[in-house]
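Here is the structure we will look at.
The values are calculated or read from the model by the stated rules, or taken from the named source; none is laboratory data. Every value quoted in this text rests on a predicted model; they were computed, and no experiment measured them. As a convention, Cβ positions derive from the backbone with ideal geometry for all residues, glycine included, and neighbour counts pool all protein chains shown.
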């Protein structure tokens, strides 16, 4: 499989690290980025070919991974348009795999001259350590083989969740795309509480991090649903009961749900704003 990355930033680097020498040889991966330092690093570490601008190597790829900032996607699409048109003239339809937040498949297809073979994805930052989760949705024209290729690529950095409706990507963005920030926010609060209770900053950090990591793994591996696991830790009248009662009184759960819904609404709004280009 020949894969061309348009953009060589952190998420692209994470994907390349998971792919090179595993799903495909580093020599079959091509990276386009205007930053020479990023290109040199990727070439030296993974044996990929690189270029400052899209050219023949991109046109010959089986998959084009668009890993650029959403704000420049319209401009990038216009640069890729003649290359995709040339590929179609040769009877090929490379898969376009977008990992850019907020860019709707219909808008990307329009910028690419009506190009049909698009998979839109929403990864998250734990992909940087191979523990991400990515929401994915395929346009109707994407073949079974292309869908499988997209899944293989994103599985290189974690789990994948396929959706049957692109509108649900905004929910994925709100839950898992933005979700790591919610987790960090909660860890911050636990650390601060630990310090205010007399523990050192390092003790608070270790206790909060290990507790969160361990609880998440327990939830992932246990046959019990999360509410049951919570109940098992909560003895009426005990310390956990006191903490959870305080959270309920303060409306913590309701506030979290409202916040996630606000993220989803903002995701939809950004998609409309970004899609207005062109």
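Would you confirm, using the coordinates I've provided, whether residue 91 is modelled with pLDDT under 95, in a loop (DSSP other than H, G, I, E, B) and over 30 Å from residue 172 (Cβ atoms)?
Here the answer is yes, as residue 91 does meet what is asked.
Can you tell me which residue in the range 249-261 is farthest from the chain's Cα centre (by Cα), limited to those that are exposed (fewer than 12 other Cβ atoms within 10 Å of the Cβ) and within 25 Å of residue 180 (Cβ to Cβ)?
Of everything passing the filter in the range 249-261, 250 is farthest from the chain's Cα centre (by Cα).
Pick out, from the range 147-258, the helices (runs of 4 or more DSSP H) lying fully within it that include 1 or more residues that are in contact with a strand residue (DSSP E or B) (Cβ under 6 Å, 6 or more places away or on another chain), in contact (Cβ under 8 Å) with a residue 60 or more places away in the chain and closer than 30 Å to residue 5 by Cβ.
169-172
Of the residues 57, 109, 101, which is under 18 Å from residue 3 (Cβ atoms) and touching a strand residue (DSSP E or B) at 6+ places or on another chain (Cβ under 8 Å)?
Details: 109 fails: under 18 Å from residue 3 (Cβ atoms); 101 fails: under 18 Å from residue 3 (Cβ atoms).
Just a single option satisfies the conditions, and that option is 57.
Out of all the residues in the range 1-57, which are more than 21 Å from residue 127 (Cβ to Cβ) and either touching a residue at least 60 places away in the same chain (Cβ under 8 Å) or under 21 Å from the mean Cα position of the chain (by Cα) (or both)?
Result: 2, single match.
Of the residues 177, 214, which is over 13 Å from residue 126 (Cβ atoms), within 27 Å of the chain's Cα centre (by Cα) and modelled with pLDDT of 95 or more?
Of the residues listed, the single one that is over 13 Å from residue 126 (Cβ atoms), within 27 Å of the chain's Cα centre (by Cα) and modelled with pLDDT of 95 or more is 214.
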